Each structure stands twice: as structure tokens, then as C-alpha cells.
Amino acid sequence: MNARIVVAVGRGSLRATLDAALAQAGFQVTSRCATAQDAVEAVARDRPDVCIIDADLPGGALLAAAAIASPPAPPAVLVIDPGAGDAAPRAAELAGASGFLRDIDDDRLADLVKALAQRRELEQ
């Protein structure tokens, strides 16, 4: 599956990790965004299958997730937060995220992105 991905990550080291993992898995990154506003605009423009959002995204990751996950035809939203506390996955879910990931393992990330893209495709 050649899922189209928007990556919204403000931290350069995390962005580099995600870029490498997504490229290795064969996903197409359509946009890289450093702020919540940029992410919302990129999703509207690119119409990706999945939007990956860093929980520390400048401008409000959960606000961006909520805006992006709103109909019509939203992409799946995956929130990533390596330092997350116990309440973080629930907060992401309430904001409309389809998934939450604490640890960025290349195989686990690729499997989750693929599953989210496939689920989105079935819902369309």
C-alpha cells in the first residue's frame, strides 16, 4: 500500500526518525509541517490517508488533531508522544485521533500507519 502521509512534527530529531522509517516502509510523505496551522492546511490541500502529529507540535497538537479529524473524509490521525503520561492516549482519542504511539519503532510505526490507512480506505 502506498499510503499518503502528512508529517506534522516540530522537533527535528523526531522528524528525521519518522522520515527514515516512513521512507523505508515505502510510504509517500506529501508534506512536512512544523506547526499545527501548517498541518491543518497541508491536510486540506494534500488529502492524505494518514496525518502523523507530534504531541509537542507548536500551536497545539490536540487542536490540530481535532480540526483534521473533522468530516468530511478526514485522514486517520496518529499522535506520537515519546514522553507521554498515562492520560495522553485518552486525550488524543478525545481529540479525534485514530491512534497513539509512545515508542517509535520502525516496524511498529509502519504496521500502524498501514493499518490506519487501510481502515480509512474501508470507511470511505
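Structure notes:
- Residue count for the range 23-50 satisfying the condition of being touching an Asp or Glu at 6+ places or on another chain (Cβ under 9 Å) and assigned to a helix (DSSP H, G or I): 2.
- Residues of the range 101-119 satisfying the condition of being surrounded by fewer than 19 Cβ atoms within 10 Å (Cβ to Cβ) and either in a helix (DSSP H, G or I) or of a type in the set (Gly, Ala, Ser) (or both): 106, 107, 108, 110, 111, 114, 115, 118, 119
- Boolean, residue 4 is in contact with a strand residue (DSSP E or B) (Cβ under 8 Å, 6 or more places away or on another chain) and free of Cβ contacts under 8 Å to residues at least 24 places away in the same chain: no
- Selected residue (only one of 28, 37 is over 23 Å from residue 123 (Cβ atoms) and without any contact (Cβ under 8 Å) to a residue 40 or more places away in the chain): 37
- Summed over the range 51-76, residues that are of a type outside the set (D, E, K, R), under 18 Å from residue 10 (Cβ atoms), within 13 Å of the chain's Cα centre (by Cα) and not in a helix (DSSP H, G or I) total 5.
- Residue pairs meeting the criteria (Cβ under 7 Å; at least 6 apart or on separate chains; first buried (at least 17 other Cβ atoms within 10 Å of the Cβ) and modelled with pLDDT of 90 or more, in the range 72-100; second of a type in the set (Ser, Thr, Tyr) and assigned to a strand (DSSP E or B)): none
- Any hit, the range 3-19, residues being surrounded by fewer than 20 Cβ atoms within 10 Å (Cβ to Cβ), modelled with pLDDT of 90 or more and not charged (D, E, K, R): no
The values are calculated or read from the model by the stated rules, or taken from the named source; none is laboratory data. Source: prediction; values computed, not measured. Heads up, the Cβs are rebuilt from the backbone with ideal geometry, glycines too, and the neighbour counts pull from every protein chain shown.
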